[in-house]
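What follows is a set of notes on a single structure, which appears directly below.
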Amino acid sequence: MVQPLRLGKDGRLFDPTVRESIARLGGDRDAEPLEAFAALRLAAQRVHTAMERWTESHGLSESRLRVLMALYFSPGRRRPLGELAEVLGVVPRTVTDLVDVLERDGLIRRIHDTADRRSIHAQLTDAGAERVKAIRRDAVSQQTAFFASFDQGQLADLRHLCLLLVRQLNQSQGDS
């Protein structure tokens, strides 16, 4: 059974199971970053699960929706497959698999680049564009609902802390 979150003496939430595990492992000295990491992972997992359920209610996976959205906001609603993989941060093979399913469903089509016949583009079909439009109407309310109990300051702090972490990870991995 999962223990409920508790409020610490500092007025901030913590997960007692994580705190106890860290203490048992002798990590008291590093407890704050370890607890923060565990909280971040838990939040990411819950957001991912909620988004998967939501996208499934629209007949898609989160990954397939990301492909559709990337194409929807691209010039001509198309992109080369390699560029699409880069934009989505996945390997080309993953994009190929996603495109196969979306093409089978009639939401995108593969087309050859007129300037370079070796280059294959994914292009959103009219049906794909209509699906994205329908989903976008619901997306804003779904995503903002995650933060319904947050005030403006908390939202700004959350955004700032997440982006600080992204910057730190980019720097430590040599990315920009």
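Side notes on the structure shown:
- Residue tally, condition farther than 19 Å from Arg118 by Cα and surrounded by 15 or more Cβ atoms within 10 Å (Cβ to Cβ), over the stretch 75-93: 4
- Here the stretch 111-128 is the region considered, the condition is being out of contact with any Gly (no Cβ under 8 Å at 6 or more places or on another chain) and surrounded by 15 or more Cβ atoms within 10 Å (Cβ to Cβ), and the residue that is farthest from Arg66 (Cα to Cα) is Ile120.
- Which listed residue, of Ala127, Ala139, Ala134, is closer than 17 Å to Gly59 by Cα, assigned by TED's automatic domain parsing to the domain that holds Leu88 and modelled with pLDDT of 95 or more: Ala127
- Exclusive hit being more than 28 Å from Asp138 (Cα to Cα), without any contact (Cβ under 8 Å) to a residue 40 or more places away in the chain and touching a Gly at 6+ places or on another chain (Cβ under 7 Å), set Leu34, Leu7: Leu34
- Considering the stretch 21-61, and only residues there that are surrounded by 14 or more Cβ atoms within 10 Å (Cβ to Cβ) and among the charged types (D, E, K, R), the residue that is nearest to Arg6 (Cα to Cα) turns out to be Glu35.
- Residues located in the stretch 130-141, provided they are buried (at least 17 other Cβ atoms within 10 Å of the Cβ) and more than 13 Å from Asp105 (Cα to Cα): Val132, Ile135, Ala139
- The test for being at pLDDT 95 or above, surrounded by 11 or more Cβ atoms within 10 Å (Cβ to Cβ), part of a helix (DSSP H, G or I) and not assigned by TED's automatic domain parsing to the domain that holds Thr49 holds for Leu98.
The values are calculated or read from the model by the stated rules, or taken from the named source; none is laboratory data. Since this is a predicted model, take the numbers as computed values, not measurements. Note that each Cβ is placed from the backbone with ideal geometry, even for glycine, and that neighbours are counted across all protein chains shown.
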